[in-house]
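A short worksheet on the structure shown next.
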Amino acid sequence: MIMKDKFLYWTPRILAILGILFMLLFSLDCFNPDETLKNQLVCLFMHNIPAFVCIAALLIAWRWELIGGIIFIVFFIAAAIFSRSFAGNPASLVVIIPFLVTGALFIFSDRESKRALKEK
């Protein structure tokens, strides 16, 4: 695998991991000394559901790049609609744009790897 192929292979994976870690940071507001441990754990679980979905998408994309790329793009569209990103909440794009880029990079990586196999 040449350097260009390694870069194209690892970039979407690292970007997805960083995006997921960034999403996980938002769940830290669940820890409140006035709440019970049970309520804090429920809050933590609820806040991390999107991150769990992204982790599942990353696991799929790691094996099947095209399918994973499509899942990441669908996740971006769903998150944009849910957070009304294009109707008055453009700040939410900071959180979800990495998943659009990740999906596109997974799809591009899949196309390039198939093209490289045909050339051999």
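The values are calculated or read from the model by the stated rules, or taken from the named source; none is laboratory data. Here the structure is a predicted model, which is why all the values come from computation and not from measurement. Glycine gets a Cβ as well: all are built from the backbone with ideal geometry, and neighbour counts include every protein chain shown.
In the set (1) over 30 Å from LEU117 (Cα atoms); (2) modelled with pLDDT of 95 or more, the condition left unmet by ALA87 is number (2). Within the range 16-73, the residues that satisfy the criterion of being within 18 Å of ASP110 (Cβ to Cβ) and more than 11 Å from the chain's Cα centre (by Cα) are ILE60, TRP62, ARG63, TRP64, GLU65, LEU66, ILE67, ILE70.
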